Amino acid sequence: MKKKARRRSQVADAGSNQGERCVLCRLSDDDPSMFGEKVTLKEHKLSVHYFCLLTSCGVYQRGEEDEGVFGFLVDDIKQEIRRSARLTCSCCKKKGACVGCNVRSCRKMAHFPCGRKQKFISQFTGLFPSYCSDHSPSQSLCVGSDLSLPQSCSICLDSIEPILCYSVLKCPSCHASWFHRDCVQRQAYSAGLFFFRCTLCNNKENFQEEMLRMGIYIPERDASWEMEANAYSELLQVYNRCDALTCLCNEGRTHSAKTGWFEVIRCWLCGSGGTHRKCSGLKLDTSDWACSDCTKATDGKASLVSSPQGGQRRSLLSKRHLSPIHSSISCKRPSGSPEKFLQALAPQLRPLRVQVEVSGDQALSAGVELVRRADFDPTHTLSVRFKDDQQTAFPSSLRDSDAARQFFLKLLIQQIQDSVVFEGPDGYKNLALDSQALREDLYFDVGCLLALSLVHGSPPVGFFSHALYQCLFNYPPNRPLTVTHMTPNTHFTSLVSRIAEAESLEELKELMAASWEYLELAGCNRPISSLKEKEALVDDLVSFTMITRMQLPLRRFREGLQTLGVFDQVQLFPSVFYSVFCEAADRLTAQTVGQLFTINFSQQEERLNKETPAITFWRHFLLECEVGRSSISLQDLLCFATGAEELPAAGLLPSPSISFLHPSGAEEEEGGAGERETVRPGRGAWRDSGLFPQSEPASKHLLLPVTTSYQAFKSSMEQAVSHYMHLLPS
């Protein structure tokens with residue numbers, strides 16, 4: 001007969017009693033999460049733990065849940081007491097062992113509490129089998145490229161030995177959440193079946209199945225905090241008192257009118273302070289007000305903060321921290337591209353535009369000025385305007401266009417790479433330590449601009465060194481930095497390299513003596529008695545140079561990257577984003593460009609017959625652009641069609657599309673979606689001359705001319721694209 005875990009937490013005629021001993025395990029402990037509820041039947045003078053009943057080998061639930069002890073009949077419990085009285089516990093050597101190993105050949109028996117000490121695993125499902133330590137199920141370590149072993153329990157946050165064993169379990173889904181057995185059992189007992197899930201990845205189904213297999217009891221009920229009477233009543237209360245120094249209301253500080261001068265308005269930042277409008281000298285329509293504490297915390301400018309993402313700029317150590325806005329992607333292992341994950345952040349951007357004025361080609365200066373504005377909000381869409389003294393940087397037709405924004409983002413990435421906050425060869429940059437950049441907090445600004453650029457559609461960053469990416473995101477995980485990761489051709493790199501190349505103890509000591517100031521600063525000026533100590537010395541010097549002395553720049557740079565949730569997204573999927581930050585963009589190919597566009601053919605058969613050759617011309621033209629047989633490049637063509645010379649890290653949105661431009665001689669009948677027709681008075685004949693492609697970069701829409709020959713198609717494409725590119729700044 002099968003046992004079943006009960007669905008309710010209490011029975012009216014059963015009560016607990018701390019002083020009564022359990023008739024099966026002989027303990028008086030009353031810890032429901034570890035032993036189950038202890039129920040006392042006073043009329044039978046019997047107390048028993050619920051888990052002892054569930055795991056006992058010789059007793060089953062033969063009654064209804066309101067009979068006996070949750071369906072265990074009293075006569076059956078007494079029979080089990082008599083049966084187990086003949087069995088000796090393998091742990092305490094006393095009689096009364098009622099829990100036995102489910103493997104037939106194994107004869108180990110124990111009391112339920114003793115079994116826990118002996119690493120017995122009892123599964124609270126099915127027939128409720130138990131297994132001794134020799135036959136119990138175990139978990140295996142899943143070593144992934146992105147994973148590092150945790151150092152703390154994800155539930156209690158105390159230190160944990162990262163070795164899977166009886167007392168340490170892990171989540172089967174994310175493999176990153178490790179916890180003590182006792183911690184997860186108490187969490188399961190509190191959360192119940194409907195709320196028990198992994199604390200990191202939020203997985204529920206696989207997590208619960210694995211925890212049941214590993215001997216965790218999950219009660220079939222709602223969470224304990226949901227069952228408390230009036231558990232959330234305090235959330236319905238709001239602060240309703242005037243805290244002004246002098247209250248002008250005749251009815252007292254606690255009076256609040258529904259509207260008007262004596263309505264109590266609460267601090268919009270903390271909600272824990274209030275004032276009548278009249279008492280604080282506010283206007284009658286004022287609804288946003290900050291209390292004195294919040295005003296001090298925001299440098300007296302709390303009233304200027306327009307959103308949680310637009311906090312005020314402060315001094316170096318108290319400067320505003322742009323709140324990251326997290327995406328809805330769960331933290332399971334990556335199963336997509338960086339375009340997919342960056343596009344998940346794009347919905348945060350709002351239609352409200354913020355104007356960026358760029359003088360000449362000073363994109364970085366314009367970007368820094370933008371993020372230092374008092375009212376800066378990263379969720380606003382960028383609108384870029386180039387200007388110089390002669391107003392010739394961009395033609396008037398393109399000065400406020402999507403092409404201007406794409407050009408600004410490309411220029412911004414290039415100038416960030418060449419800024420004072422980075423050092424090293426092109427395409428392999430480390431953070432540089434610059435005192436003026438620290439004073440101006442330029443590291444934060446540059447990190448913020450990189451995050452903004454990626455979400456707004458900039459090309460991939462592509463210039464981070466492997467060492468910088470590892471310092472920021474710990475990928476590859478837990479790999480020590482070496483001399484080869486240091487910035488080449490610098491004083492510190494040269495010094496550490498000479499120490500690493502020392503071939504004798506005497507040479508090593510001479511180098512150390514010559515560099516004693518640097519060693520003293522790094523905390524490495526120690527006596528060396530053997531050449532074998534050189535490796536540890538070099539490792540310490542590399543760690544000091546790359547990490548320790550760069551702590552503040554790295555921290556501020558990370559905090560800047562948290563804008564719009566970019567840093568958190570990269571930290572979740574470091575292997576996916578590695579190419580975006582550390583690898584140069586792939587060269588455009590005809591196949592890559594061709595696959596970007598969705599082709600919208602006409603529905604009318606006559607037009608379709610003319611559009612099919614045009615697509616053949618288009619694909620052949622792409623191949624000629626790739627191999628250099630055309631006067632324009634694939635980059636020029638991509639810029640003409642989409643406004644971007646390189647593929648953005650977040651992909652092209654909306655998805656690029658192609659429709660067709662028919663000459664005026666074509667029949668003017670209703671056709672398929674996307675078709676266009678050029679009508680010229682007095683010209684009804686089918687002609688190729690004067691028919692040029694058109695583009696709408698904002699909507700990523702390209703209109704291809706329908707011509708009778710490939711030469712006419714190629715000529716019109718080259719003329720139109722060349723004219724467009726000549727309008728753009730070089």
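The values are calculated or read from the model by the stated rules, or taken from the named source; none is laboratory data. Everything numeric here is computed off the predicted structure, so don't read it as measured data. Glycine gets a Cβ as well: all are built from the backbone with ideal geometry, and neighbour counts include every protein chain shown. Side chains included, ligands, DNA and RNA excluded: accessible areas come from the protein's heavy atoms. Shrake-Rupley method; radii C 1.70, N 1.55, O 1.52, S 1.80 Å.
In region 412-464, what percent of the accessible surface is made up of carbon and sulfur (1.4 Å probe, ligands and nucleic acids excluded)?
Numbers: 710 of 1530 Å².
Carbon plus sulfur share of accessible area: 47 percent.
Find which of Pro613, Cys291, His135 sits farthest along the positive direction of the dipole of the chain, computed with +1 on the beta-carbon of Lys and Arg, -1 on that of Asp and Glu, about the Cα centre.
Of Pro613, Cys291, His135, it is His135.
Between Asp586 and Asp539, what is the label-to-label distance in nm when each label sits 7 Å out along the Cα-to-Cβ direction?
3.8 nm
What's the local net charge at Asp30, with K and R +1, D and E -1, over the other residues with C-beta under 12 Å away?
Details: positive: Arg21, Lys38; negative: Glu20, Asp29, Asp31, Glu37.
Around Asp30, the surrounding residues sum to -2.
I need the Kirkwood Rh of region 233-290: take the reciprocal of the average 1/r across all distinct C-alpha pairs and report it in angstrom. Don't skip to the answer; put the middle values down first.
Details: mean 1/r = 0.0880 Å⁻¹.
Taking every pair of different Cα atoms in region 233-290, averaging 1/r and inverting gives 11.4 Å.
Sketch the reach of a paramagnetic label on Leu521 as a point 7 Å from Cα along Cα-to-Cβ, and name the residues of region 484-507 whose backbone nitrogen lies under 19 Å away.
It comes to 486-500, nothing else.
When Lys and Arg each count +1 and Asp and Glu each count -1, what net charge do the other residues less than 9 Å away from Gln417, Cβ to Cβ, add up to?
Residues near Gln417 contribute -1 overall.
Loop-only chymotrypsin sites (Phe, Trp or Tyr not before Pro) in region 114-203, please: DSSP not H, G, I, E or B, and at most 16 other Cβ atoms within 10 Å. Mind dumping the intermediate values first?
Working: sites: Phe120, Phe124, Tyr131, Tyr166, Trp178, Phe179, Tyr189, Phe194, Phe195, Phe196; in loops: Phe120, Phe124, Tyr166, Phe196.
Counting only loop positions with at most 16 other Cβ atoms within 10 Å, the chymotrypsin sites (Phe, Trp or Tyr not before Pro) in region 114-203 are Tyr166.
Please give the contour-minus-distance gain from Val483 to Trp268: 0.36 nm per residue of separation, less the Cα-Cα distance, rounded to one decimal in nm.
Values: separation 215, 0.36 × 215 = 77.40 nm, distance 5.18 nm.
Length difference between fully extended and current span is 72.2 nm.
With a/c under 1.5 counting as rounded, go ahead and sort region 107-203 into rounded, prolate or oblate using the C-alpha gyration tensor (a ≥ b ≥ c being the square roots of the eigenvalues; past the cut-off, prolate if a/b is larger than b/c, else oblate). Could the numbers behind the result be given before it?
On the way: a/c = 1.88, a/b = 1.48, b/c = 1.27.
Prolate, since a/c reaches 1.5 and a/b exceeds b/c.
What does the net charge come to around Glu20 if you take all other residues with beta carbon closer than 10 Å to its beta carbon, with K and R at +1 and D and E at -1? Before the final figure, lay out each step's value.
Numbers: positive: Arg21, Lys38, Lys42, Lys45; negative: Asp30.
Counting the neighbours of Glu20, the net charge comes to +3.
Please compute the contact order of region 372-518 in relative form: average sequence separation of alpha-carbon pairs under 8 Å and at least six residues apart, divided by the residue count, as a percent.
On the way: 110 pairs, mean separation 26.3, N = 147.
Value for region 372-518: 18 percent.
At 1.4 Å probe size, put Leu409, Leu235, Leu623 in order of accessible surface, largest to smallest. Working shown, then result.
Values: Leu409 0, Leu235 125, Leu623 95 Å².
The ranking, largest first, comes out as Leu235, Leu623, Leu409.
Could you give the accessible area per residue of region 147-221, probe 1.4 Å, as a whole number in Å²? Walk me through the numbers on the way to the answer.
Values: 3200 Å² over 75 residues.
I get 43 Å² per residue for this part.
Please give the per residue accessible area of region 463-511, computed with a probe of 1.4 Å over protein heavy atoms only, in Å².
Here the per-residue accessible area is 50 Å².
Pulled fully out, how much extra length does the chain show between Ser633 and Leu282, if you take 0.36 nm times their separation in residues and subtract their Cα-Cα distance? Display every interim value, and only then the final one.
Values: separation 351, 0.36 × 351 = 126.36 nm, distance 6.20 nm.
Answer, rounded to one decimal: 120.2 nm.
Give the value in nm², to one decimal: projected area of the alpha carbon convex hull of region 204-248, averaged over all directions. Mind showing how you got there, number by number?
Numbers: hull surface 25.3 nm².
In nm², the orientation-averaged hull projection of region 204-248 is 6.3.
Once you keep just the Cα pairs under 8 angstrom separated by 6 or more residues, what percentage relative contact order results for region 397-469?
Rounded, it is 38 percent for region 397-469.
Could you tell me the calculated FRET efficiency between Arg555 and Asp134, based on Cβ-Cβ distance and R0 = 35 angstrom, to the nearest 0.05?
Using R0 = 35 Å, I get an efficiency of 0.10.
Express the Stokes-Einstein translational diffusion coefficient of region 21-101 in µm² s⁻¹, to the nearest whole number, given a Kirkwood radius over alpha-carbon pairs, 25 °C and a viscosity of 0.890 mPa s.
On the way: Rh = 12.7 Å.
The calculation lands on 193 µm²/s.
If DNA, RNA and ligands are ignored and the probe is 1.4 Å, what is the ranking of Glu65, Glu501 by accessible area, most exposed first? Working shown, then result.
Values: Glu65 35, Glu501 125 Å².
Heavy-atom accessible area, descending, gives Glu501, Glu65.
At a 10 angstrom cut-off on C-beta neighbours, averaged per residue, how do the peptides 553-563, 436-446 rank from highest to lowest?
Numbers: 553-563: 21.6, 436-446: 19.8.
Ranked from most to least packed, the peptides come out as 553-563, 436-446.
Over the heavy atoms of Lys340, what accessible area does a 1.4 Å probe trace out, to the nearest 10 Å²?
100 Å²
Whose amide H sits under 5 Å from the amide H of Lys429, counting only residues 5 or more places off or on another chain, with H placed in the peptide plane?
Residues meeting the amide H criterion: Phe464, Ser465.
Calculate what fraction, in whole %, of the accessible area of region 118-218 sits on carbon and sulfur atoms when a 1.4 Å probe is rolled over the protein chains. Could you put the intermediate results ahead of the total?
On the way: 2350 of 4580 Å².
The value for region 118-218 is 51 percent carbon and sulfur by accessible area.
State the dimensionless ratio Rg/Rh of region 56-129 (Rg: radius of gyration of Cα atoms; Rh: Kirkwood radius).
When Rh is taken as the Kirkwood radius, the ratio is 0.99.
In the chain, if the dipole is taken from +1 on Lys/Arg beta carbons and -1 on Asp/Glu beta carbons about the Cα centre, which of Thr379, Gly126, Ala467 is farthest to the positive end?
Gly126
What percentage of the solvent-accessible surface of region 24-109, computed with a 1.4 Å probe over protein heavy atoms, is contributed by carbon and sulfur atoms? Write out the running numbers ahead of the final one.
Details: 1950 of 4150 Å².
Taking all protein chains in place, region 24-109 shows 47 percent carbon and sulfur surface.
May I ask what percent, to the nearest 5, of DSSP beta bridges between residues of the chain are antiparallel? Kindly include the intermediate steps, with their values, before the conclusion.
Numbers: 24 of 42 bridges.
Roughly 55 percent of the beta bridges in the chain run antiparallel, per DSSP.
Once the piece of chain linking Glu440 and Cys106 is laid out straight, how much longer is it, given 0.36 nm per residue of separation minus the C-alpha distance between them?
Numbers: separation 334, 0.36 × 334 = 120.24 nm, distance 7.13 nm.
Working it through step by step, the gained length comes to 113.1 nm.
Return the calculated 222 nm mean residue ellipticity for the chain, to the nearest 500 deg cm²/dmol, obtained by summing -39500 (n - 2.57) across DSSP H runs with n ≥ 4 and dividing by the residue count. Don't skip to the answer; put the middle values down first.
On the way: 24 runs with 240 residues, N = 730.
Calculated mean residue ellipticity at 222 nm is -9500 deg cm²/dmol.
For region 35-129, report the accessible area per residue in Å² (1.4 Å probe, heavy atoms, rounded to an integer).
Values: 4460 Å² over 95 residues.
Per residue, region 35-129 has 47 Å² of solvent-accessible surface.
How much accessible surface does Ser280 have with a 1.4 Å probe, in Å² rounded to 10?
Ser280 has an accessible surface of roughly 50 Å² with all protein chains in place.
Let's test the formula: R0 of 25 Å, r as the Cβ-Cβ distance of Thr246 and Ala297. What FRET efficiency results, to the nearest 0.05?
Details: r = 24 Å, r/R0 = 0.95.
Efficiency for this residue pair is about 0.55.
Can you match Rg/Rh (Cα atoms, Kirkwood Rh) to one of these, [x] 1.06; [y] 0.98; [z] 1.09, based on a calculation from the structure here?
[z]
Please state the relative contact order of the chain as a whole percent: Cα pairs under 8 Å, 6+ residues apart? Could you put the intermediate results ahead of the total?
Working: 1244 pairs, mean separation 59.6, N = 730.
Dividing the mean separation by the residue count of the chain yields 8 percent.
Can you divide the C-alpha Rg of region 192-280 by 2.2 N^0.38 Å and report the result to two decimal places? Write out the running numbers ahead of the final one.
Numbers: Rg = 23.1 Å, N = 89, 2.2 N^0.38 = 12.1 Å.
The reported ratio for this selection is 1.91.
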